[in-house]
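The numbers here are math on the coordinates, done by the rules we state, and not lab data. Quick caveat: nothing in here was measured; it's all calculated off a predicted structure. Because the Cβ atoms are built from the backbone with ideal geometry, glycine has one as well, and the counts that use them run over all protein chains shown.
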Amino acid sequence: MFHLIWLVPLLPLIGFAVLTFTQGRLIRPAVAWVGAGSVGLSAAVALWIGANFILHPPAGHAYTLTVWHWISVAGFRPTVGFYLDNLAVIMMLVVTFVGFLIHLYSTEYMAEDSGYSRFFAYMNLFVASMLTLVLADNLLLLYLGWEGVGLCSYLLVGFWYRDPANGEAARKAFVVTRVGDVALTIGLLLLYTHLGTLHIQPLMHRAAEQWPVGSSLATAAAFLVLGGAVGKSAQLPLQTWLPDAMAGPTPVSALIHAATMVTAGVYLIARTHVLFALAPDAQLAVAAVGAATLLLAGFSALTQRDIKRVLAYSTISQIGYMFLALGVGAWAAAIFHLMIHAFFKALLFLASGVVIHALDDEHDIFKMGGLRRELPSAFWPFLLGGMALSAVPFISAGFYSKDLIILDAWSSSAGSPWLWAAAWIGALMTSLYTFRLIFIAFFGEAKTRVRKRPGVRMMVPLVTLSVLSVIGGCLELPAYMGNAPLFTNFLHTVLPSVHALAASRTETVLELLSGVASLGGIYLAYLLFLRYPEWLRGFARQPWGAALHRFWAGDWAMDWLYDRVLVRPYHWFARVNRSDAIDSVYRGLAVVSEAIHGGLSDTQTGVMRWYALTMVVGSVIVLSISVFL
Amino acid sequence: MNATFYVASIVAVLTTMLVITRTHVVHALLYLVVSLLALALVFYTLGAPFAAALEVIVYAGAIVVLFVFVVMMLNLGSQSAHRERRWMTPATWLGPGLFSAVLLGELIYSLYVGLPGREGVNVVPSRLVGMTLFGPYVLAVELASMLLLAGLVGAYHLGRREHLQH
Amino acid sequence: MPVANVALNQALLLAAVLFTLGLLGLLVRRNVIMMLVSLEIMLNAAGLAFVVAGSRWQQADGQIMFILILSLAAAEVAVGLALALQFYHRFHTLDADAASELRG
């Protein structure tokens with residue numbers, strides 16, 4: 001039954017095709033059935049295949065299905081083929097399941113939008129591309145999916161295209177990720193040129209055989225792949241697009257910018273982990289990027305007013321955790337956090353969507369308040385998601401996944417105390433900004449009245465994801481709680497386990513410290529934002545306090561930096577080159593030929609004697625050639 | 001005979017020069033007649049008496065007469081001579097004169113450098129001409145007569161005045 | 001019949017000079033009638049060249065070509081003068097430069 005794997009990416013693609021060719025002429029219920037139904041059907045098939053894979057794994061714990069040979073040119077023969085192993089099964093299940101829940105939610109959230117059919121068409125195309133990406137058996141097909149999700153991100157961020165600001169945000173998202181895509185393309189070319197194939201499993205084998213550890217080729221390839229991952233996953237220095245991408249509808253933010261597309265970079269690095277194992281410098285860079293990003297984004301999240309922007313910076317920060325885990329060699333921990341993060345971040349975005357919908361499109365948290373009593377259907381999911389995000393000990397799934405990373409940052413052979421310190425401070429910041437958001441938006445007095453309440457189709461996904469955010473941690477119980485690392489064991493066939501150096505006593509101390517960070521952050525948030533908000537107001541009135549606030553709110557001035565260094569010189573050059581220098585060569589050709597035309601036209605005087613003279617001149621020339629040469 | 005040839009050719013050249021420089025059209029035509037007669041003499045000295053006769057009869061006797069008739073019809077008299085003088089300034093002679101001189105120089109060069117020997121001149125009797133004309137070249141004669149017919153019809157049609165239009 | 005003992009070159013030289021003079025007349029004169037006259041001079045010179053060549057090879061072909069050129073010249077003059085008459089009726093002048101409407 002594994003040979004039905006091709007159905008999984010195909011069903012959403014069929015949904016996309018149907019919705020595109022009917023072009024909004026179907027009635028809304030039909031659109032909802034096609035749009036959400038195709039993804040639901042795909043999720044059912046994926047669940048069935050996944051269950052079979054877990055219960056009756058094939059030989060070698062891997063299954064390849066080649067559908068057709070895509071290109072066959074001079075020995076370059078990539079195929080359209082799907083590769084199913086434990087990692088792919090997990091990614092496939094996460095994408096289809098969370099995708100289906102978000103599609104179900106969108107059938108009610110986007111019910112009054114005029115672009116209903118277009119929305120589901122784009123969402124289906126996105127899910128199809130993402131599934132192609134995670135199931136691809138060669139890097140070229142993966143890159144096809146990579147580009148597909150980038151395209152859909154552009155289309156969906158700029159969904160409300162009549163407002164030019166949305167178009168700008170979409171363009172920014174596309175252009176910044178493009179920078180990463182170029183790096184990835186060069187990396188793919190390098191890999192193909194030196195190793196002769198792009199199929200992932202043979203590629204990894206050949207790389208391990210031919211390239212010694214620390215060789216310059218491996219390091220270059222790994223850095224280029226890292227460049228691609230950094231672009232798509234919004235890490236330093238290419239993270240500036242994600243907060244602006246919140247201009248799209250909330251389900252888009254939930255699906256693309258929380259659960260799936262931004263995790264594509266993490267998946268790519270996990271898939272090519274052999275390459276990173278061969279290039280320790282690149283792996284250190286992965287960890288460094290992750291650590292720096294999680295701190296940077298944490299500080300920025302503390303100063304945002306828009307509810308979705310807080311969550312966007314939070315996403316950047318959490319993916320930084322995943323990169324940190326990849327960088328210290330804790331591959332399985334990174335994927336575990338990816339899965340748990342998909343659950344709680346999608347939950348948080350969907351709950352914020354309920355709030356935005358209920359308050360008639362209000363995004364500013366300082367205009368909300370008291371929603372704990374007014375909108376409990378949003379409060380409880382948000383609280384559970386926030387607890388998972390803050391890694392509240394024992395009762396949230398985030399605790400298990402994030403603490404595993406923090407632990408491995410200290411104890412892995414590639415980890416260091418600095419990385420652990422960064423992760424710990426990041427955990428403190430996470431609780432701080434999360435509960436700042438919760439306290440300001442949901443506690444206190446109500447400032448805006450609630451207009452709409454969510455219906456069943458919005459509540460079912462919220463409830464499902466809330467449950468998963470609480471019990472998801474059971475898949476990976478640490479040593480002092482029963483020692484049942486089911487998830488890591490499951491991925492053992494694909495990803496190597498982390499080299500751990502710490503003793504169990506150090507482990508306990510570290511776990512305690514993590515718990516302190518999480519709860520301490522919540523308490524600090526309570527003090528600063530609920531009990532004594534005047535401390536911070538006084539702080540903000542100081543000149544350097546206000547400057548610090550602006551600096552963090554402006555993404556550590558990176559937007560300003562890119563604007564000054566890249567955007568403005570480019571605009572200046574475009575203005576200077578308005579009468580295009582290269583085009584002037586072609587215009588020059590036209591001008592020259594027109595001049596020749598003018599010159600030749602002037603010889604047509606219409607005077608007969610003139611024509612006779614030209615004939616004489618011609619005959620003189622011909623005669624001289626024939627006589628003298 | 002040599003002297004006849006040289007004198008006749010000099011006369012022909014001089015009168016031709018006069019033809020192309022006269023402002024009064026009738027004067028030019030009269031000089032043309034003299035030039036054609038001189039050329040007929042040249043033909044005779046070159047051993048082509050039939051060609052000489054034809055030159056006088058057809059060229060000088062028919063074609064130039066046609067010219068004279070048209071000139072008389074158009075009444076080109078002394079005012080036209082005035083106009084012609086105005087048109088033929090020395091400046092107009094410069095360019096064409098230059099190119100014609102270059103052309104003549106090349107022709108002379110190819111005549112004197114190209115030709116290997118200095119062949120002589122022979123007589124071709126009229127009898128031979130007649131026999132060849134109605135022998136192998138009889139088709140050419142028929143075609144020439146058709147050409148003349150076309151000329152006749154064309155001249156009649158083009159020479160008509162259309163009273164109704166102007 | 002007596003014949004001049006003249007080299008071929010010199011007879012052809014005469015033809016060349018006459019041709020060039022006719023050409024010069026064509027290029028310089030603006031009167032349509034005078035242009036036609038110059039054309040006749042050129043045709044005549046070509047005929048002379050043919051006769052000279054026929055005389056050298058002692059064949060009648062040269063004179064036959066001359067006869068054909070002659071008939072051609074006659075037909076051409078007839079038609080050309082008729083055209084000159086039409087030209088005069090239309091432009092009311094015999095200036096060939098007046099007919100320059102086919103300009104580029």
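Observations on the model:
- Counting Cβ atoms of other protein chains within 10 Å of each Cβ in A:611-624 and taking the mean gives 4.
- Summary of packing: across the peptides A:123-132, C:64-73, the per-residue average of other C-beta atoms within 10 Å ranks them, highest first, as A:123-132, C:64-73.
- Extension gain from A:Asp559 to A:Lys447, taking 0.36 nm per residue of separation minus the Cα-Cα distance: 37.1 nm
- Number of partner chain Cβ atoms within 10 Å, mean per residue of B:92-99: 5
- Calculated from backbone phi, Karplus (6.51, -1.76, 1.60) coupling profile of region A:383-391 in Hz, x at Gly/Pro: 5, 5, x, x, 5, 5, 5, 7, 6
- Listed residue pairs exceeding 27 Å between alpha carbons, taken from A:Lys232/A:Lys452; A:Lys367/A:Lys402; A:Lys232/A:Lys345; A:Lys402/A:Lys452: A:Lys232/A:Lys452; A:Lys367/A:Lys402; A:Lys402/A:Lys452
- For trypsin sites (Lys or Arg not before Pro), the sites in region A:554-621 that DSSP calls loop and that have at most 15 other Cβ atoms within 10 Å are A:Arg578.
- Dipole magnitude of the protein assembly as shown, debye to nearest 20 (Cβ charges: Lys/Arg +1, Asp/Glu -1, about Cα centre): 1520
- Inter-centroid distance (Cα atoms) of region C:61-104 relative to region A:407-456, Å: 103
- Under Karplus coefficients 6.51, -1.76 and 1.60, residue-wise ³J(HN,Hα) of region C:71-81 in Hz, glycine/proline x: 5, 4, 5, 5, 4, 5, 5, 4, 5, x, 5
- Put in order of Cβ neighbour count within 10 Å, fewest first, the listed residues B:Phe5, A:Phe344, B:Phe67 become B:Phe5, B:Phe67, A:Phe344.
- Per residue of C:81-89, other chain Cβ atoms within 10 Å of the residue Cβ number 6 on average.
- Built from the Cα atoms of the protein assembly as shown, the convex hull projects on average onto 62.9 nm², one quarter of its surface area.
- Plainly put, region A:564-629 has a radius of gyration that is 1.44 times its Kirkwood radius, both from alpha-carbon atoms, as the Rg/Rh ratio.
- Of the trypsin sites (Lys or Arg not before Pro) found in region B:61-116, no site is in coil according to DSSP while having at most 11 other Cβ atoms within 10 Å of its Cβ.
- Translational diffusion of region A:500-580, µm² s⁻¹ [Kirkwood Rh, Cα pairs; Stokes-Einstein; 25 °C; 0.890 mPa s]: 140
- In Hz, Karplus ³J(HN,Hα) per residue of region A:125-138 (6.51, -1.76, 1.60; θ = phi - 60°; x = Gly, Pro): 4, 4, 5, 4, 5, 5, 5, 4, 4, 7, 9, 5, 9, 9
- A simple spin-label model places pseudo-atoms 7 Å from Cα toward Cβ; at B:Leu98 and A:Leu47 they are separated by 9.8 nm.
- Additional length obtainable on full extension of the chain from B:Glu119 to B:Val65, 0.36 nm per residue less Cα span: 15.7 nm
- Neighbour counts of C-beta atoms inside 10 Å place A:Met608, A:Met387 in the sequence A:Met608, A:Met387, starting with the fewest.
- Residues A:Tyr523 and A:Trp380, FRET efficiency given R0 of 25 Å [Cβ-Cβ distance, rounded to 0.05]: 0.75
- Within region C:27-104, all pairs of alpha-carbon atoms sorted by distance into 5 Å bins from zero give the percentages 3, 15, 19, 17, 15, 11, 9, 6, 4, 2, 0.
- With R₀ fixed at 41 Å, the C-beta to C-beta distance from A:Ala547 to A:Val585 puts the FRET efficiency at about 0.25.
- In this simple spin-label model, placing a label point 7 Å from the Cα along the Cα-to-Cβ direction at both B:Ile57 and C:Asn5 gives a separation of 3.3 nm.
- The distance from the alpha carbon centre of region C:19-53 to that of region B:83-109 is 13 Å, rounded to a whole number.
- Rule-of-thumb Rg ratio for chain B [Cα; 2.2 N^0.38 Å; N residues]: 1.33
- Footprinting exposure proxy ranking of A:Asp583, A:Asp403, C:Asp61, fewest other C-beta atoms within 10 angstrom first, gives A:Asp583, C:Asp61, A:Asp403.
- In terms of packing, defined here as the mean over residues of other Cβ atoms within 10 angstrom, the peptides B:38-48, A:358-368, C:31-41, A:76-86 line up highest first as B:38-48, C:31-41, A:76-86, A:358-368.
- If you wrap the Cα atoms of region A:314-381 in a convex hull and average its projected area over all directions, you get 5.1 nm².
- Look at the dipole of chain B built from charges on Cβ: of B:Leu46, B:Leu14, B:Pro125, the Cα furthest out on the positive end belongs to B:Leu14.
- Summarised in one figure, the compactness ratio Rg/Rh of region A:367-425, Cα atoms and Kirkwood Rh, is 1.21.
- Global geometry of region B:59-114, whether rounded, prolate or oblate, following the gyration tensor of its Cα atoms and the 1.5 cut on a/c: oblate
- Simple spin-label estimate for A:Ser216 and A:Val592 gives 4.3 nm between the two label positions (7 Å along the Cα-to-Cβ direction from each Cα).
- Mean separation of Cα contacts under 8 Å, 6 or more apart, over the residue count of chain C: relative contact order %: 26
- Mean separation of Cα contacts under 8 Å (6+ apart) over length of chain B, as relative contact order %: 21
- Taking N as its residue count, the alpha carbon Rg of region A:231-385 over 2.2 N^0.38 Å: 1.09
- Here A:Val73 and A:Phe2 are evaluated by their C-beta separation; at R0 = 30 Å the FRET efficiency comes out at 0.50.
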